[in-house]
Amino acid sequence: MRRVEDSLVVCEQCGLPHRWQLPTDATIARCTRCEAILGRAHRLSIDSVLALTMAAAAAYLVAVNAPLMSLSLRGGAETATLPQAIKVAWENGEQIVAVLAAITALLAPAAFIALRLYVLFPLSVGRKPPAFAWCVRALHQAGRWSMVEVFTVGVLLSLVRLAGLADASPGPGLFALGALTLLFASIEAAGLKHLWWHVR
Amino acid sequence: MSAAGLLGCESCGLVSADVAGDDPALVQHCPRCGHVIHRTKPFSLQRTWACVFAAAVLYVPANVLPVMVTTSALQRDEHTLLGGIHELWLDGSWALALIVFIASIAVPVLKIGVLGLLAWSVRSKPQWRRLERARLYRLIETVGHWSMLDVYVVVLLAATVRFGPLASVSPGLGLLSFAAVVVLTLLATWSFDPRLIWRDPPAAAVADDARVNPQPAGADGRLA
């Protein structure tokens with residue numbers, strides 16, 4: 001990418017400064033002292049990250065609105081979407097747990113996608129969006145609190161547990177959630193600091 | 001501590017000269033993005049200890065109180081974390097029991113133990129097995145959020161199993177404590193600054209300025 005060959009990079013984990021230079025036989029540069037990752041050779045371009053984020057936005061909308069699973073027992077049937085599950089937890093008197101689930105599975109992933117779209121569209125045409133520095137910091141927090149992959153495994157686990165009790169089947173939301181997990185992983189691999197290299 | 005007097009911005013990665021040093025009154029900002037930059041996060045150890053201690057205390061009710069209450073036509077059952085894992089094991093789904101055990105028991109215990117060890121060793125054993133401690137920190141940073149798994153499972157089961165008197169599931173008080181443990185261990189992990197592992201304690205005689213006494217690691221040979 002547009003990283004200056006001779007630039008300096010300070011290890012995030014131990015603070016040791018390095019002259020940025022990727023070993024020719026490796027794809028990942030590691031700190032010589034604490035072995036934390038300093039940078040990667042194969043970076044996604046702004047356009048690729050934008051495309052992945054748009055796909056993630058579509059997957060997110062399906063994952064949130066479509067039922068994650070359905071359960072039928074003696075004629076009655078129940079389906080559950082994520083907002084419903086959070087609402088039920090709230091009504092059961094577990095408000096704090098409901099808020100925590102809403103932040104980690106619903107709001108943080110939404111911020112993860114929305115802020116990236118807001119930043120990536122202007123960057124892809126060579127402009128710097130207003131409040132860019134704030135957005136990068138907010139994206140860092142959104143990435144920390146977003147736990148889509150854990151939630152996906154949580155849905156699978158509940159499904160297996162319910163299978164013994166009644167007739168449980170996965171819904172379209174679960175498949176969207178699986179896609180979202182993979183998309184988030186590839187978007188996160190691109191990192192956040194690289195966004196600054198595209199700002200003039 | 002950066003031996004060469006250089007600091008990296010945590011938000012944008014820009015490298016700046018270390019102007020503030022160890023003076024807590026001087027706050028240095030990144031010239032490119034405006035983020036606060038420092039050698040190590042302020043009050044890192046105090047915050048880590050506070051969160052680890054609170055998490056360890058709350059871990060007791062999280063294990064003793066039921067996390068989930070199931071009611072059916074015949075009976076009402078309360079399930080604790082370990083009880084739920086035991087039931088899964090007895091049902092023959094030992095793989096699931098293992099996953100839940102790792103997420104709900106092993107990961108929180110590991111996080112509390114490792115963070116306690118890391119925070120303790122910064123002061124008491126600064127030079128002991130630094131690379132291994134740095135790796136331990138990266139490990140708990142990576143696996144940390146998986147302990148949310150059981151919280152999600154109970155929330156989802158409570159939302160799906162709603163057949164009135166026939167069968168229903170509701171969250172128990174233990175779940176609240178467990179969720180608090182998860183959040184507190186996450187906050188503790190983020191409060192701990194791994195750069196503390198590599199900091200030498202100031203020598204008793206020349207304690208004023210750490211830059212007077214640079215680490216050998218700053219020599220050019222160590223630069224990648």
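The values are calculated or read from the model by the stated rules, or taken from the named source; none is laboratory data. Keep in mind it's a predicted model, so treat the numbers as computed, not measured. As a convention, Cβ positions derive from the backbone with ideal geometry for all residues, glycine included, and neighbour counts pool all protein chains shown.
Residue under question is A:GLU35, and the condition is that it be farther than 30 Å from A:VAL160 by Cα and within 14 Å of chain B (Cβ to nearest Cβ); does it hold? The answer is yes for A:GLU35.
Among residues of the stretch B:61-107 being touching a residue at least 12 places away in the same chain (Cβ under 8 Å) and part of a loop (DSSP other than H, G, I, E, B), the one that is nearest to B:ALA158 (Cα to Cα) is B:VAL67. Every condition in (1) under 23 Å from the mean Cα position of the chain (by Cα); (2) within 13 Å of chain B (Cβ to nearest Cβ); (3) of a type in the set (S, T, N, Q) holds for A:ASN65 except the one numbered (2).
Before we move on, is B:PHE43 at positive phi, away from chain A (no Cβ under 14 Å) and surrounded by fewer than 19 Cβ atoms within 10 Å (Cβ to Cβ)? Yes. If you filter the stretch A:141-168 down to residues that are out of contact with any strand residue (DSSP E or B) (no Cβ under 9 Å at 6 or more places or on another chain) and not in a helix (DSSP H, G or I), you find that the one that is surrounded by the fewest Cβ atoms within 10 Å (Cβ to Cβ) is A:GLY164. Restrict the check to the stretch A:107-117 and report whether at least one residue is over 18 Å from A:ASN65 (Cβ atoms), surrounded by fewer than 17 Cβ atoms within 10 Å (Cβ to Cβ) and at pLDDT 90 or above. Yes, because at least one residue in the stretch A:107-117 is over 18 Å from A:ASN65 (Cβ atoms), surrounded by fewer than 17 Cβ atoms within 10 Å (Cβ to Cβ) and at pLDDT 90 or above.
A:VAL64: in contact with a strand residue (DSSP E or B) (Cβ under 9 Å, 6 or more places away or on another chain) and either under 30 Å from B:LEU166 (Cβ atoms) or without any contact (Cβ under 8 Å) to a residue 60 or more places away in the chain (or both), yes or no? No: the conditions fail for A:VAL64. Every condition in (1) at the interface with another protein chain (Cβ under 10 Å from one of its Cβ atoms); (2) not basic (Lys, Arg); (3) not in a loop (DSSP other than H, G, I, E, B) is met by A:ILE113 except one, and the failing one is (1). Looking at A:THR79, A:THR104, A:THR53, just one residue is in contact (Cβ under 8 Å) with a residue 24 or more places away in the chain, assigned to a helix (DSSP H, G or I) and within 12 Å of chain B (Cβ to nearest Cβ), and that residue is A:THR104.
Applying the set (1) modelled with pLDDT of 95 or more; (2) more than 20 Å from the chain's Cα centre (by Cα) to A:PRO129 leaves exactly one unmet item: (1). B:TRP128 satisfies every condition listed in (1) without any contact (Cβ under 8 Å) to a residue 60 or more places away in the chain; (2) out of contact with any helix residue (DSSP H, G or I) (no Cβ under 7 Å at 6 or more places or on another chain); (3) farther than 20 Å from B:VAL69 by Cβ; (4) not in a helix (DSSP H, G or I) except (2). A:PHE175 meets all of the listed conditions (1) surrounded by fewer than 20 Cβ atoms within 10 Å (Cβ to Cβ); (2) within 11 Å of another protein chain (Cβ to nearest Cβ); (3) of a type in the set (Phe, Trp, Tyr) but one, namely (2).
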